[in-house]
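The values are calculated or read from the model by the stated rules, or taken from the named source; none is laboratory data. In this text, all values refer to a predicted model and were calculated from it rather than measured experimentally. With ideal geometry, Cβ positions are generated from the backbone for all residues, glycine too; neighbour counts draw on all protein chains shown. Please note that ligands, DNA and RNA were not included when accessible areas were found on the heavy atoms of the full protein model with its side chains. Shrake-Rupley method; radii C 1.70, N 1.55, O 1.52, S 1.80 Å.
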Amino acid sequence: WFQVVHAHKPHFMALHCQEFGGKNYEASMSHVDKFVKELLSSDAMKDYNRARVYLDENYKSQEHFTALGSFYFLHESLKNIYQFDFKAKKYKKVTGKEIYSDTLESTPMLEKEKFPQDYFPECKWSRKGFIRTRWCITDCAFDLVNIHLFHDASNLIAWETSPSVYSGIRHKALGYVLDRIIDQRFEKVSYFVFGDFNFRLDAKAVVETLCAKATMQTIRAADTNEVVKLIFRESDNDRKVMLQLEKKLFDYFNQDVFRDNNGTALLEFDRELSVFKDRLYELDISFPPSYPYSEDSSQGKQYMNTRCPAWCDRILMSHSAKELILKSENDEKIVIYDHIGPNVCMGDHKPVFLSFRIAAGAGKPIANVHKCCVVQ
């Protein structure tokens, strides 16, 4: 991450995290606080003299806890940056470094919401939701939304229909967020939505393509007759097993298909965003699926065989935000959408980032140009 910061030298940097504290957040939160303080005081970040950090650490509140973390760093060269106060409905100049944690509900500088329990009833302790902040750089205003949508609970259920039932749940939740950030309470501004959308490839279509010439064997539980495993074998070639599918197993014999040419051949099955094409824009994806990577520190490129690899982690924007991003007037590649640490273990998700120049005061004859970077 520091290498990305050093390479792109953004003036304004947004870092969005989900499941902050990891799976054992009750035991890990003390380490989180230490990490944040060390990050803010680190030598690599010494040129960022202002920061805002919002950590949802209130894990004892089942009603509110989202485990989201949003970090914003401002370079010393950046003048006149303001953050919106949603309660007072006005912008306030950003100075100094501040950390907000535990109960974010009382912080007027953001909006935070956890999705209702009935969106995903089979997940009792779901932490899915979003945090929204609003910023203004020399008359250019935009929202930054940290989002975490619902996962696929079972590969077998995801495989049953096209699109899957889980895709429908994510569609509903993302629609809720978009409606929320453009409602009538506040002035409409451009927005960037980035986080773990948990978008998955269309499982039925992927399996039918990967195993087009295979025969399928169904294994059921003896007591309930419920399907517990599907085995796809080649019709010839000694009936070689191509794919084994269980609730939390997606074991395909050739992982190279997900890595070769950044998995481009599978992008046609990445369909969940198409529902929102009138509301959201995304740059072309030129990196491999961001999930589920092995958590073995020596296996930076290896996928786990728990789920079908997919582009879960994304950076999306409104069509007006797309217009804010400056188009290059020469051959210099100003807009970069890529992943971080391709060969390094960074957990089961690989972070993605978007680096761009934004026209502050866009539409004015003389607009100040600042370099920004958002990291998921």
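Over the Cα atoms of the range 19-87, the radius of gyration divided by the Kirkwood radius equals 1.04; this is the Rg/Rh ratio.
Rounded to the nearest 10 degrees, the angle from helix 165-181 to the longest Cα principal axis of the chain is 10 degrees. Charged side chains reduced to their Cβ positions (Lys and Arg at +1, Asp and Glu at -1) give the chain a dipole of some 980 debye around its Cα centre. The C-alpha radius of gyration of the chain, expressed as a fraction of 2.2 N^0.38 Å, stands at 1.04.
Derived scalar couplings between HN and Hα for the range 19-36 equal 6, 4, x, x, 5, 9, 4, 4, 8, 9, 4, 5, 5, 4, 4, 5, 4, 4 Hz in order, rounded to whole Hz, by the Karplus curve 6.51 cos²θ - 1.76 cosθ + 1.60 (θ = phi - 60°), x for Gly and Pro.
Put a plus charge on the Cβ of each Lys and Arg, a minus charge on the Cβ of each Asp and Glu, and nothing anywhere else: the dipole of the range 193-239 about its Cα centre is then about 60 debye.
For the range 104-193, averaging the sequence separation of C-alpha pairs within contact (under 8 Å, six or more residues apart) and dividing by the residue count gives a relative contact order of 25 percent. According to the square roots a ≥ b ≥ c of the eigenvalues of the Cα gyration tensor, what is the shape class of the range 114-179, taking rounded for a/c under 1.5, prolate for a/b larger than b/c otherwise, and oblate for the remainder? Cα axes put the range 114-179 in the prolate bin. Of the residues K34, K247, K229, the one that moves most in a GNM of the chain with alpha-carbon contacts below 10 Å is K34.
Here the range 51-109 is treated as an ellipsoid with the same Cα gyration tensor; its semi-axes, largest first and in whole Å, are 25, 14, 7.
What does the accessible area per residue of the chain come to in Å², with a 1.4 Å probe and no ligands, DNA or RNA counted? If you can, show how the numbers build up before the last one.
On the way: 17780 Å² over 376 residues.
The answer is 47 Å² per residue.
Among the listed pairs K87/K322; K128/K172; K90/K188; K204/K277, a Cα-Cα separation exceeding 19 Å is found for K87/K322; K204/K277.
Phi angles across the range 3-17 convert, under the Karplus curve 6.51 cos²θ - 1.76 cosθ + 1.60 with θ = phi - 60°, into 3J(HN,Hα) values of 5, 5, 4, 5, 5, 9, 6, x, 7, 10, 10, 10, 10, 10, 10 Hz, Gly and Pro given as x.
Using just the C-alpha positions of the range 7-155 as equal point scatterers, what log10 of I(q)/I(0) does the Debye formula give at each q in 0.21 1/Å? At q = 0.21 Å⁻¹ the computed log10 ratios are -1.37.
When the chymotrypsin sites (Phe, Trp or Tyr not before Pro) in the range 110-185 are filtered for DSSP coil states and for at most 14 other beta-carbon atoms within 10 Å of their beta-carbon, the remaining sites are W125. Close amide H partners of A310, meaning residues 5 or more places away or on another chain with modelled amide H under 5 Å apart, are S290, Y291. Near I81, the amide H atoms lying under 5 Å from its own belong to V94; only residues 5 or more places off or on other chains count, and H is placed 1.01 Å from N. Measuring only protein heavy atoms, the 1.4 Å probe finds I219 accessible over about 60 Å².
For the chain, relative contact order (Cα pairs under 8 Å, six or more residues apart, normalised by length) works out to 15 percent.
Given R₀ = 30 Å, FRET efficiency for S154-K34 by Cβ-Cβ distance, to 0.05? After rounding to 0.05, the efficiency reads 0.25.
Taking the protein heavy atoms of the chain in the context of the full set of protein chains, the accessible area attributed to carbon and sulfur is 49 percent at 1.4 Å. Per-residue 3J(HN,Hα) values for the range 240-255, derived from phi via the Karplus relation 6.51 cos²θ - 1.76 cosθ + 1.60 with θ = phi - 60°, read 4, 6, 9, 8, 10, 10, 10, 3, 10, 9, 9, 9, 9, 5, 10, 5 Hz in sequence order (x marks Gly and Pro). Residues D143, D179 ordered from highest to lowest accessible area at a 1.4 Å probe: D179, D143. Sparse packing (at most 14 other Cβ atoms within 10 Å of the Cβ) combined with a DSSP loop state is found for the following GluC sites (Glu not before Pro) in the range 39-128: E63, E76, E122.
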